Amino acid sequence: SVSAESMQPDAESSNWKPPKHSKTPDQLDRLKKAVAANFLFSQLDEDSFSTVLDALVEKSIPAQNIKVISQGDEGDYFYVIEQGEFDIYIHSSGSLQPGSEGMGNKVATIGPGGSFGELALMYNAPRAATVVSAGKGGLLWALDRITFRRILMTSAFEKRKMYEGFLEDVPLLSSLKPYERAKIADALETVKFGDGENIITEGEPGDAFYLLESGSATAYKQNIDHPVKEYTRGDFFGELALLDDKPRAASIVAKGAVKVAKLGRDGFKRLLGPVEGLMRREEYEGVEQLDPLSQQKTVT
Ligand code: 1OR
């Protein structure tokens, strides 16, 4: 949990000036590409974005098995991956003797465009995991603690808080770890619709997935004269077109005022892999209701 104190601006930074590390045009180019794929950067206004770009420092990781972060250490930098893969290890408290080489269990691997090291900086907590280079190493961009807290954290933190309660209530996501839901929160965007507006239109290409935050919505299909499905808070839709690269199979229409949490294609692919099986199972139920003729094909 977060103490109020950990959210106060750092006391030592009252006359703080953001660091400026000059970059070659090539570096700037690569850096922009690396952060373009990272959701934590997507909400920054132009000024904040350029402050952060100036403050980032390139860090080359020349080989496999180099420890970038050690679980239990104090947090100093936040990292964005430009190249290479990085493995995350966690050992449960007490299982590690001081000086031991054991890193615990591998819980995740993060690749280009991904980031790590934000937790210790956000919560003023010890590092929650050990991060080690995989493959042949890679290339990171490091952001110092104060610039992270001053510029990047505010929006990321608010979003994680804002969506935390809602995402806990979404049945589809209940098997995920809290940290995996936090990463989904980073990538979500709330969109509002008025009564009768189309959230999704049948036949169009699909570029997003939706969770229904509030209100309700109805699915219609051309050639079927009654609604084919109803959605309420915590339900999801828009997965079919993304899973199978097909046009939208139905229209989803807002019933009254509706708020949806929208997840773009990249975030969908990157973050919802673990629940793809669940979505496909739900899809079969959905298809049964959508079109009785396809039952033979989909019900096993
Ligand atoms: P940090 O500052 O604590 C280690 O330094 C970083 O590893 C951490 O921030 C996260 O950015 C990153 N649980 C905790 N930290 C994780 C996890 C994770 N994955 C990456 N990091 N879990 C894996 C979720 C797939 C939860 C495991 C129970």
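Say we look at region 134-174 and pick out the residues that are hydroxyl-bearing (Ser, Thr, Tyr) and touching a Leu at 6+ places or on another chain (Cβ under 9 Å); which of these is most open to solvent (accessible area, probe 1.4 Å)? The extreme case among them is 155.
Name the residue, out of 61, 66, that is modelled with pLDDT of 95 or more, more than 11 Å from the ligand (Cβ to nearest atom) and closer than 16 Å to residue 127 by Cβ. Give the steps one after another, and end with the answer.
Details: 61 fails: closer than 16 Å to residue 127 by Cβ.
The conditions single out 66.
The number of residues in region 112-149 that are in contact with a strand residue (DSSP E or B) (Cβ under 7 Å, 6 or more places away or on another chain), within 12 Å of the ligand (Cβ to nearest atom) and at pLDDT below 95 comes to 1.
Does residue 161 qualify as being basic (Lys, Arg), assigned to a helix (DSSP H, G or I), free of Cβ contacts under 8 Å to residues at least 12 places away in the same chain and not assigned by TED's automatic domain parsing to the domain that holds residue 31? The answer is yes for residue 161.
Out of the residues in region 175-204 meeting the condition of being open to solvent by 80 Å² or more (accessible area, probe 1.4 Å) and closer than 19 Å to residue 254 by Cα, tell me which one is farthest from the ligand (Cβ to nearest atom). Result: 195. For region 253-280, a residue qualifies if it is touching a strand residue (DSSP E or B) at 6+ places or on another chain (Cβ under 6 Å) and of a type in the set (A, V, I, L, M), and the qualifying residues are 253, 254, 257, 258, 260, 261, 263. Taken over region 13-31, the criterion of being more than 17 Å from residue 148 (Cβ to Cβ) and part of a helix (DSSP H, G or I) is satisfied by 25, 26, 27, 28, 29, 30. Scanning region 54-88 for residues that are crowded, with 20+ Cβ neighbours inside 10 Å and outside any strand (DSSP E or B) turns up 55, 56, 71, 75. Cβ-Cβ distances below 9 Å connect the following pairs, each with a first residue in region 105-129 that is over 19 Å from residue 145 (Cβ atoms) and open to solvent by less than 50 Å² (accessible area, probe 1.4 Å), a second residue that is of a type in the set (Asp, Glu) and near the ligand (Cβ under 6 Å from one of its atoms), and a separation of six or more residues or different chains: 108/180.
For the structure I just gave you, tell me whether residue 78 is in contact with a helix residue (DSSP H, G or I) (Cβ under 7 Å, 6 or more places away or on another chain), modelled with pLDDT of 95 or more, near the ligand (Cβ under 9 Å from one of its atoms) and within 23 Å of residue 267 (Cβ to Cβ).
Details: in contact with a helix residue (DSSP H, G or I) (Cβ under 7 Å, 6 or more places away or on another chain): yes; modelled with pLDDT of 95 or more: yes; near the ligand (Cβ under 9 Å from one of its atoms): yes; within 23 Å of residue 267 (Cβ to Cβ): yes.
Criteria met by residue 78.
The values are calculated or read from the model by the stated rules, or taken from the named source; none is laboratory data. In this text, all values refer to a predicted model and were calculated from it rather than measured experimentally. Cβ coordinates were reconstructed from backbone atoms using ideal geometry, including for glycine residues, and neighbour counts include every protein chain displayed. Each accessible area value is taken on the protein alone, full model and side chains, heavy atoms only, with ligands, DNA and RNA left out. Shrake-Rupley method; radii C 1.70, N 1.55, O 1.52, S 1.80 Å.
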